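Report on the structure given below.
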Amino acid sequence: METSLKPKWAGEDWLSQWVNRLIATQPLYALMKQQARQVLIKTAEKKGVPWRQSYEQLSQSTVRTLLPHLENSQIDYPDYYLKPFHAYDAGNLCWQAAFEAESATYAMALRIWPQEDLTWQAAQQRLRDSFHQCLHKFGPSQVEQILDLGCSVGLSTRSLHQFYQQRQGGGVTTRGLDLSPYMLAVAQHQDQHHEIADWIHAQAEQSGLADQSIDVVTLQFVLHELPQQAARDIFQEAYRILRPGGCLAIVDNDPQSPVIQGLPPVLFTLMKSTEPWSDEYYTFEVEAALAAAGFEQISKTASDPRHRTLIGLRGS
């Protein structure tokens, strides 16, 4: 099992508490939020990511017309999801977040290998490939049904689907589930070849899918956005819907990574200002929680310099 080693800027340490007090000061928080946003945009546009152009194209498209067909009006949004995060006052429940999510994802990938002269396309491909390699090594050998939890605008979903389709020569049905109907509308709009079977507006804790109906469930860069109890509930739901031999695969920031441990004060302060559940995530013993949910043969791999992949299997 993992040790409790965590960054000094997370949890109850004095540095963490000092940063949290700064963030709680509204004028400073507003400044930090804006600075965090500018860091992402600058990283993206410096490498040719068309951040503003992509936003305008989506804004002028027909994507808004998809919202009524995707939105589940019966959803009761949990309190943790209603907090401001990612520099948006409405979190993921707004068009701005949905229109900028793809560009922000490309910027995130570029920041993993800052010393290499990678295009944003190459960085994104390397990020996805590193996760898929872990699935190939530790996941089930044959896959028919896939669920990408917290799928956002569907980049992870389509990439995952294509990986298994190519690996197996077809026969894969993939669904994306997210709590933001705005993200799902963009996901469906961008799924131009209709590769994904369904875009589901639901809580990951209550997917609505049948018991033992899925072979692979993924949480890609979602866990750090959750309080610990929500994560535990999602692990239980994933276990319920997985078939025997299926797996839950998680990729996210590695608290024990030298890169994460050694973030400069400016960067970890900016990051915490846009991620309200940072302290809970960086002190969360994920492997223990997976084992408590019933998962077996839990593997952990440093899939790139900043991220780890955890895969747990459902036994028979």
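The values are calculated or read from the model by the stated rules, or taken from the named source; none is laboratory data. These numbers come from a predicted model, not from an experiment. In this analysis, Cβ positions are derived from the backbone assuming ideal geometry, glycine residues included, and neighbour counts consider all displayed protein chains. The protein model used for the area step is the full one, side chains on, heavy atoms only, and it has no ligands, DNA or RNA in it. Shrake-Rupley method; radii C 1.70, N 1.55, O 1.52, S 1.80 Å.
Couple of notes before you dig in:
- Pairs from Lys33/Lys83; Lys6/Lys300; Lys8/Lys137; Lys46/Lys83; Lys42/Lys272; Lys42/Lys300 whose Cα-Cα separation, in the structure shown, is over 25 Å: Lys8/Lys137; Lys46/Lys83; Lys42/Lys300
- At R0 = 30 Å, FRET efficiency that the Cβ-Cβ distance of Gln212 and His136 yields, to 0.05: 0.85
- The residue among Ser273, Ala291, Gln165 whose Cα reaches farthest toward the positive pole of the charge dipole of the chain, with charges on the beta-carbon of Lys, Arg, Asp and Glu, is Ser273.
- Beta bridges per DSSP with both ends in the chain, % antiparallel, nearest 5: 40 percent
- Applying 1/(1 + (r/R0)^6) with r as the Cβ-Cβ distance of Lys46 and Trp14 and R0 = 30 angstrom yields a FRET efficiency of 0.30.
- What the phi angles of the stretch 33-48 give under the Karplus curve with 6.51, -1.76 and 1.60, with θ = phi - 60°, is a coupling list of 4, 5, 5, 4, 5, 5, 4, 5, 5, 5, 4, 5, 6, 4, 9, x Hz, glycine and proline written as x.
- Only one residue of Asn253, His86, Gly48 has its Cα farthest out toward the positive end of the dipole of the chain, where Lys and Arg carry +1 and Asp and Glu -1 on Cβ, and that residue is Gly48.
- Surface share of carbon and sulfur [accessible, 1.4 angstrom probe, percent] for the stretch 258-316: 57 percent
- With both labels modelled 7 Å from their Cα along Cα-to-Cβ, the Thr65 to Leu5 distance reads 5.5 nm.
- Å² per residue, accessible surface of the chain at 1.4 Å: 45 Å²
- Using a Gaussian network model of the chain in which every pair of alpha carbons under 10 angstrom is joined by a spring, one finds that among Glu195, Glu116, Glu280 the greatest mean-square fluctuation is at Glu116.
- Pairs of Cα atoms farther than 28 Å apart, the chain, %: 37 percent
- The ratio of the alpha-carbon radius of gyration of the stretch 241-316 to the globular-protein estimate 2.2 N^0.38 Å is 1.27.
- Solvent-accessible area assigned to carbon and sulfur over the stretch 61-154 amounts to 49 percent, based on a 1.4 Å probe.
- Charge context of Leu147, other residues only, Cβ under 15 angstrom, K/R +1, D/E -1: -4
- Magnitude of the charge dipole for the chain, about its Cα centre and with charges confined to Cβ atoms of Lys, Arg (+1) and Asp, Glu (-1), is about 740 debye.
- Sorted into 5 angstrom bins from 0, the C-alpha pair distances of the stretch 171-316 split as 2, 9, 17, 20, 19, 16, 11, 5, 1, 0 percent.
- Equivalent ellipsoid semi-axes, the stretch 1-110, via Cα gyration tensor eigenvalues times 5, rooted, Å: 30, 21, 15
- Amide H within-cut-off set for Gly246, under 5 Å, with H built and near neighbours excluded: Arg314
- Total charge dipole magnitude, the stretch 40-83, about the Cα centre, Cβ charges on Lys, Arg, Asp, Glu only, Debye to nearest 20: 380 debye
- For the chain, calculated [θ]222 nm from helices alone, where every DSSP H run of n ≥ 4 adds -39500 (n - 2.57): -14000 deg cm²/dmol
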